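Visitor: Before I ask anything, here is the structure I am working with.
The values are calculated or read from the model by the stated rules, or taken from the named source; none is laboratory data. Since the model is a prediction, treat every value here as computed from it, not as a measurement. Every residue, glycine among them, receives a Cβ derived from its backbone with ideal geometry; neighbour counts consider all protein chains shown. Protein only, heavy atoms only, side chains kept; ligands, DNA and RNA dropped before computing areas. Shrake-Rupley method; radii C 1.70, N 1.55, O 1.52, S 1.80 Å.
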Amino acid sequence: MADPVKRRTPRGGPRSGGPRSAARLAAVQALYQVEITGVSGKIAAAEFVKHYLGREIDGDDYLPADEALFRELVSGTLAHQAELDPLIAGMLTADWPLDRLEVILRAILRAAAFELSHRIETPARVVITEYVDIAHAFFTGKEPGLINGVLDRLARQSRPAEWSGDAG
């Protein structure tokens, strides 16, 4: 299994996210692993729980994660991927279809889309902020802006009540 990337800020410093943030990051990494290797989501999740979550590996600390949320994000995203992909694709431009995006970008967008559509107890703004933060852990270019824009449009479409009163 490929080593997960440690959580870091856009400038490379340590990130002080809590267990729910760590669960989201680990879920994105597990979804990446599933797509790259073809291993099942159940196996990828079990490997992350056993080998990475809350562990110290080669001097690097991996944040403790909310295991229930982690497992829900991995299993739910994979179970609903056929429904999530068209939602995401509808937010992308024609010259950048979903299958053209890097695997990690797809994993971030899919996990976030799952949360926006199936975990309505988490405010949309929290979901967007968390996944833009995750994008910053992997990218220093324009990719976090892409994630922000796609998730903002998706959230406004799927949860309009949360945005009433916003100028847009």
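Visitor: Taking only complete DSSP H runs, can you tell me which helices of the chain stretch 20 Å or more along their own long axis by Cα positions and average at least 0.5 on the Kyte-Doolittle scale? Intermediate values should be presented prior to the final figure.
Guide: On the way: long enough: 19-37 (26 Å, 0.29); 103-118 (22 Å, 1.13); 124-138 (22 Å, 0.87); 143-158 (22 Å, -0.27).
Length and hydropathy pass: 103-118, 124-138.
Visitor: Additional query: Quick one: putting +1 on the C-beta of Lys and Arg, -1 on the C-beta of Asp and Glu, what dipole do you get for the range 43-123 around its Cα centre, in Debye to the nearest 20? It would help to have the intermediate numbers written out before the result.
Guide: On the way: 7 positive and 15 negative charges, 48 e Å.
Value, rounded to 20: 220 debye.
Visitor: Turning to a different aspect of this structure: Express the carbon and sulfur contribution to the solvent-accessible surface of the chain as a percent, rounded to the nearest whole number, probe 1.4 angstrom. Mind dumping the intermediate values first?
Guide: Details: 4500 of 8320 Å².
Whole-percent figure for carbon plus sulfur exposure: 54.
Visitor: Under the definition of Cα pairs under 8 Å and six or more residues apart, what whole-number percent is the relative contact order of the chain? Intermediate results must be reported in sequence, preceding the final value.
Guide: Numbers: 199 pairs, mean separation 40.6, N = 168.
Across the chain, relative contact order equals 24 percent.
Visitor: Which is the longest part of the chain that has none of the GluC sites (Glu not before Pro) sitting in a DSSP loop with at most 15 other Cβ atoms within 10 Å? All intermediate terms of the calculation are to be shown ahead of the outcome.
Guide: Working: sites that count: GLU102, GLU121.
Here the longest run is 1-101.
Visitor: On to the next question. Loop only per DSSP, at most 16 neighbouring Cβ atoms within 10 Å: give me the trypsin sites (Lys or Arg not before Pro) in the range 26-76, ordered by residue number.
Guide: On the way: sites: LYS42, LYS50, ARG55, ARG71; in loops: ARG55.
Those satisfying the criteria are ARG55.
Visitor: If Lys and Arg each add +1 and Asp and Glu each add -1, what is the summed charge of the other residues whose beta carbon sits under 13 Å from the beta carbon of ARG106?
Guide: Working: positive: ARG100, ARG110; negative: GLU35, ASP85, ASP99, GLU102, GLU143.
Around ARG106, the charge tally is -3.
Visitor: With N residues in the range 68-130, what two-decimal value do you get for its Cα radius of gyration over 2.2 N^0.38 Å? Intermediate values should be presented prior to the final figure.
Guide: Details: Rg = 11.6 Å, N = 63, 2.2 N^0.38 = 10.6 Å.
After normalising by residue count via 2.2 N^0.38 Å, the value is 1.09.
Visitor: Can I ask one more? Once the piece of chain linking GLU121 and ALA82 is laid out straight, how much longer is it, given 0.36 nm per residue of separation minus the C-alpha distance between them? Working shown, then result.
Guide: Details: separation 39, 0.36 × 39 = 14.04 nm, distance 2.25 nm.
Stretched fully, the GLU121-ALA82 segment lengthens by 11.8 nm.
Visitor: For the chain, what are Rg and Dmax over the alpha carbons, in angstrom?
Guide: Final numbers for Rg and Dmax: 15.2, 49 Å.
Visitor: Run lengths n ≥ 4 of DSSP H only: what is the helix-derived mean residue ellipticity at 222 nm for the chain, with -39500 (n - 2.57) per run over all residues, to the nearest 500? Provide the component values of the computation, followed by the final result.
Guide: Working: 7 runs with 99 residues, N = 168.
Mean residue ellipticity, 222 nm, calculated: -19000 deg cm²/dmol.
Visitor: In Å, the Kirkwood hydrodynamic radius of the range 112-168 over pairs of distinct alpha carbons? Please report the intermediate quantities before stating the final value.
Guide: Values: mean 1/r = 0.0866 Å⁻¹.
That comes to 11.6 Å for the range 112-168.
Visitor: Still on this structure, please answer the following. About the Cα centre of the chain, how large is the charge dipole given +1 on each Lys and Arg Cβ and -1 on each Asp and Glu Cβ? Please answer in debye to the nearest 20. Kindly include the intermediate steps, with their values, before the conclusion.
Guide: Numbers: 20 positive and 23 negative charges, 38 e Å.
Approximately 180 debye in magnitude.
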